[in-house]
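What follows is a set of notes on a single structure, which appears directly below.
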Number of protein chains: 2
Amino acid sequence: MAKKDKDFVKEVTSREEDYSQWYLDVILKTEMVDYAPVKGCMVIRPYGFTLWENMQALLDKKIKDTGHKNAYFPLFIPESLLQKEADHVEGFAPEVAWVTHGGNEKLAERLVVRPTSETIICSMYAKWIQSWRDLPVLINQWCNVVRWEKTTRPFLRTSEFLWQEGHTAHRTEEEAQEETLKMLEVYREFVEEDLAIPVITGLKTDKEKFAGALRTYTIEALMGDGRALQSGTSHNLGQHFAKVFDITFLDQDDQLKYVWQASWGVSTRLIGAIIMVHGDNRGLKIPPKVAPVQVVVVPIMPKKTREVVLEKAEALLVTLGEKFRMDIDDRDYSPGWKFNEWEMKGVPLRLEIGPKDIEKGQVVLVRRDTGEKFFVKEEDLDSTIEKLLAEIQDNMFQMALEFRTQNTTQCEDYEDFQKIIADRRGFVRANWCGHEQCEEKIKEDTKATIRCIPLKEDKMQGSCLCCGGEAKETVYFARAY
Amino acid sequence: MAKKDKDFVKEVTSREEDYSQWYLDVILKTEMVDYAPVKGCMVIRPYGFTLWENMQALLDKKIKDTGHKNAYFPLFIPESLLQKEADHVEGFAPEVAWVTHGGNEKLAERLVVRPTSETIICSMYAKWIQSWRDLPVLINQWCNVVRWEKTTRPFLRTSEFLWQEGHTAHRTEEEAQEETLKMLEVYREFVEEDLAIPVITGLKTDKEKFAGALRTYTIEALMGDGRALQSGTSHNLGQHFAKVFDITFLDQDDQLKYVWQASWGVSTRLIGAIIMVHGDNRGLKIPPKVAPVQVVVVPIMPKKTREVVLEKAEALLVTLGEKFRMDIDDRDYSPGWKFNEWEMKGVPLRLEIGPKDIEKGQVVLVRRDTGEKFFVKEEDLDSTIEKLLAEIQDNMFQMALEFRTQNTTQCEDYEDFQKIIADRRGFVRANWCGHEQCEEKIKEDTKATIRCIPLKEDKMQGSCLCCGGEAKETVYFARAY
C-alpha cells in the first residue's frame, strides 16, 4: 500500500480507539450526512439519502402488500389535541418544538411540530369512521418529525428525523393485536433480509413502552460496540386514544363501540444501525439490497491505453447498469486511492478493468465484505455479479449474527452481570421478577435497560437477577443508544 | 337514471352554479382531501395521496434522468440565515411560521419553518463547494414547506404543502441558465404528457419573479373557470445567493469565483390543476398515467349468479392487475350507484361484467372522458385497455388544449380587455410597454396579472394595451389563483 493510500484510511479513527469518533468520521467522510446550521439537525447528503430511498422502496412495498395505503397529515398539531391523552402528552411535551407565531401575528393557540401523529390522525379517524363497514382503516405516512433532543448524534438521535408511521383502526381487540404483530414481523423481515441485521423481537416493559400504548413491541439489534439499538416499534394502542378522541363505530349488532388501534414506525435511525452493525475500520459496508452503488467500476488507465479502457468500462456500465446500481470512477486519482475511497463508501463489489484484462476478455471483481478477488470472463459477468451480491448479502447477515451470538451472555448472578455490562457489553439474557423496582435498580447500577421480553424463546431456570425473587420473565438486557 | 342515482350526482354543486363550491364538493366527496384541525392545513387522504405518489414517481424519474440526486435538508432555518438575502427575507418573512420554544426552553434564536430552502441549502453549498471539480452540484429534495396563508384552499393554497425543490450550483452563467430552462422543459413535458394539461412556458415580469431570483420562468395553465394557475417555476438565481452566502470555487484558471445558481419547484398544487382542468359536473377525471385506479371492475351480480360473477371478476383483477392499476367494487350497492361514484372519482375506465357477459365471453368497458361503451372479447381485453388508456390520456390533453384555445383572446383595446377579463376570463394575449406602472394599473383595474412573457411566440403588432406606448413584449394576462 502506498503511503498516500495508508493516509487515506488513517483519516478514520479506528473503532477500537474511539467507536463514537469512528462513527462520525465515517459518516462525514463518506458524505452520508453533514451537520446543519440548526442545533441537533442533520443534512442527509445524496449518498445517505439514496440509501434511505432504497430502504423506503423496499419497506413501502411490504407496507402496501399488507393492505396499507399512504396518506399525509399536517405537520402541526394544536396544543389542545396533544394534551388530550394524558400519558401521551407527559411523554412528549418536554421534547416538542413550539410554533407560536405565524407571519407577524401571535397564534391564538400554540402548535407543536409533530413528534408523532397519533393525536392529529385520531382526530380525523373520529370523523371518518362511522360504521363497521369503514373498518379496518389501514394508513401509513412517510414524513419528518421533530423531538427536541439535548444530546444528538446523526441518524441515531436528531431533533428532526424522517420516518414512516402506520396508524390503523380495527373492529376488535384481536384484530388490533394481529396487526401489531404482523407489522412487527414486516419490520423483522425487512431489517433481517434487506438490511442484513439480525434482530430480537419482543415486548417492551411497561416502563419502556410508548406513551399512550397498551403494549409496545420492538425489534432490537446489537451494534458493533456491544450496545443495543431499538430499531423499530409496533404498538397496540388498545382503546386509549379511541376513548379520548371518541372514535366510535356502529357495529353489526347495532351497538356503538370504540375502535381498537395500532401504530408502528421505523426511521432514519436504521441508517445508523447499518453503519454500526456492518462497518469496519475501512469504513462502511452496505448490504447489496439497499446499497446506493452495488458495483463500482474502476478503470485502470495507464496513459497509453486510457481511451480504450475507458470506452470498455463505460460499455460495461451501460450493459450491466440495466440490472445493477452502478457507478464509474474515472477521476484522475491513483487506483489505490479510489479502491480505498469506494471501500470506505461500503460499495459491495468493485469491478476493476485494465488493458491486460481487456486482452484476456476478463475483469476483476473484489468483494468488500471479504476482500476476495475474482477473475471473471466477460460472458459470465452478469450472472457472477448477481451471485456474488446475493452471497455478500447473506454473508453480511451471518457475520452480524455471529457477532451477536458471541456477544450474548446468559447470566444468573448480578455481580457477573455488572461486570459483563461494564466490560464486554452485548446482550445479557437474564431472569426478571417483573417489578419496576428491580428494572430501575439495574439501570441505576449499570445503565443497562431491559431491551425486551423476547417473543419466541423459552424461559430460563432460576430467579430474578436483581432481587432473587421469583422470575416472571427471561429478558434481554443491554446498554442502549 | 334512478332517483337515488340522480341524488348522488346532485350532491356536487354544478360548475356553472358555483365553481368554487364544485371544487370543494368534488375533492371532499371523492376523499382526495379533508380539512385538518389546524387552520389552513389539509389532510391528503389515501386517494389523493396515491395520485401524488404516481405524480412523484414520474417526475422523480425525469429529475434523476437529468443527473440530479435527492437529499434532505432540515425543516428549520435560523432567523439569521433567512435574513441574509434582502429580497428573499422581504418576500417570505410575512408568511413564515416561527418556532420560539424547544421543550420548555425559549430558543436563543428563533427558527422559521422552511417556506423554501435556498438559504439553508446555500449555507451548506458554501461548505461543500471548493473547486471547479465540485461543480455542478445538482440536488433535489421532496419535502413539506410552510407559508402562513390568510386565505386557503386545499391543494391550491395551503399553509403547509408538499413539493420538490431543486437547487443547483454551476461554474458559469450559461450553465445556470441552461439548467433553468432545462428544468422548465422537464416540467412542461411532465405536466403536458403525464397530467394532460397544456401549459404556456414563459418568463415572469420583475414584479412577479421569485424573491431573490435574477429571472423566474413559469409554466401557466388555464383552469376550467378561465383563471390561470402558476403550475411550476424555475429560477435563475444568478449570483445573488452565492455572494450573500459566500459560495466560491477555485476555477481552473486559479481564480476564486462565485457559483451561479438555479432553483425550481412544483407542488401538490398540481393536484388542484388536474381537478380544475379535467373535472366536470360528474366529478373528477384523472389522466390514466397518474390515476390511482386506472380500471375499476364493477361486477353486475344478481343474487343467483353472484358467486360466479365475483369469481370471474376477481380472476380478471389478478390477471390485468399485473399491468394496470385496478380496483374492484363488490359492495352491496346498486350498479348505478357505483357507476356514479367511480365516475366522480375520475377513474378513466370502468369494466362491467355480469352473467350475460360471462356467457358471451366478453366484458363492457366504459370511458370516463367520453362515456363511450365498448363490448370487448376477453382475449382482447389487455390490449384494448392499453389502447383505450392511451387514447383517454391523449383525448384529455386535446380537450384541455381546445378549451384553452377557445378561451385565449388576442386583444389590443383596453376596454375590450376589461370586458373580457370581467366576463369570459381566460388568457388574454396583449402588448405591454414593459413598465411596472402599467402592469400595476391593469391589476388594479381588472385583477388580471401578467402570467408570463411567452418563450416561443412572435410579438404582436401594436402598442401597449394600457398606456399606448411602445410595446416591449407580447404577454399573457389572466386572473389567477
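The values are calculated or read from the model by the stated rules, or taken from the named source; none is laboratory data. On a predicted model such as this, the values are computed, not experimentally measured, just so you know. Cβ: placed from backbone, ideal geometry, glycine included. Neighbour counts: every protein chain shown.
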### Query
For the range A:403-425, does any single residue satisfy the condition of being surrounded by 19 or more Cβ atoms within 10 Å (Cβ to Cβ), of a type in the set (A, V, I, L, M) and over 29 Å from A:Ala196 (Cα atoms)?
no
### Message
When you check B:Ile358 against the structure, is it assigned to a helix (DSSP H, G or I), in contact with a Lys or Arg (Cβ under 6 Å, 6 or more places away or on another chain) and over 21 Å from B:Gln398 (Cβ atoms), yes or no?
### Response
yes
### Query
What are the residues in the range B:421-451 that are among the acidic types (Asp, Glu) and either assigned to a strand (DSSP E or B) or at pLDDT 95 or above (or both), if any?
B:Glu436, B:Glu439, B:Glu440, B:Glu444, B:Asp445
#### Entry: Matching residues, the range A:100-119, being facing chain B (nearest Cβ under 10 Å) and either within 25 Å of the chain's Cα centre (by Cα) or surrounded by fewer than 24 Cβ atoms within 10 Å (Cβ to Cβ) (or both)
A:Thr100, A:His101, A:Gly103, A:Asn104, A:Glu105, A:Lys106, A:Leu107, A:Ala108, A:Glu109, A:Arg110, A:Val113, A:Thr119
### Query
B:Glu17: in contact with a Lys or Arg (Cβ under 7 Å, 6 or more places away or on another chain), more than 30 Å from A:Lys61 (Cβ to Cβ) and surrounded by fewer than 22 Cβ atoms within 10 Å (Cβ to Cβ), yes or no?
no
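Please tell me if B:Gly224 is surrounded by fewer than 22 Cβ atoms within 10 Å (Cβ to Cβ), of a type in the set (Gly, Ala, Ser) and either outside any helix (DSSP H, G or I) or at pLDDT 95 or above (or both).
Yes, satisfied.
Based on this model, can you work out whether B:Lys150 counts as in a strand (DSSP E or B) and charged (D, E, K, R)?
Answer is no for this residue.
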### Residue match in the range B:34-53 (condition: under 17 Å from the mean Cα position of the chain (by Cα) and away from chain A (no Cβ under 12 Å))
no
### Message
Just to be sure before I move on: is A:Thr151 polar (S, T, N, Q), within 14 Å of chain B (Cβ to nearest Cβ) and over 19 Å from A:Asp87 (Cβ atoms) in the structure I sent?
### Response
yes
### Message
I need the helices (runs of 4 or more DSSP H) fully contained in the range A:74-146, keeping only those with at least 1 residues that are in contact with a Ser or Thr (Cβ under 9 Å, 6 or more places away or on another chain) and within 16 Å of A:Ser159 (Cα to Cα).
### Response
A:86-92
### Message
I'd like to check something: does the range A:239-259 contain any residue that is at pLDDT below 95, part of a loop (DSSP other than H, G, I, E, B), buried (at least 24 other Cβ atoms within 10 Å of the Cβ) and of a type in the set (A, V, I, L, M, F, W, C)?
### Response
no
## Note on the structure
Given the conditions (1) in contact (Cβ under 8 Å) with a residue 60 or more places away in the chain; (2) within 30 Å of A:Pro288 (Cβ to Cβ), every one holds for A:Asn395 apart from (1)
### Query
Any idea which residue in the range B:54-70 is nearest to the other protein chains (Cβ to nearest Cβ), counting only those that are farther than 30 Å from A:Leu138 by Cα and not charged (D, E, K, R)?
B:His68
#### Entry: Residue satisfying all of: in the range B:71-98; in contact with a Phe, Trp or Tyr (Cβ under 7 Å, 6 or more places away or on another chain) and surrounded by fewer than 20 Cβ atoms within 10 Å (Cβ to Cβ); nearest to the other protein chains (Cβ to nearest Cβ) among these
B:Glu95
### Residue among B:Glu470, B:Glu415 that alone is outside any loop (DSSP other than H, G, I, E, B), acidic (Asp, Glu) and over 28 Å from the mean Cα position of the chain (by Cα)
B:Glu415
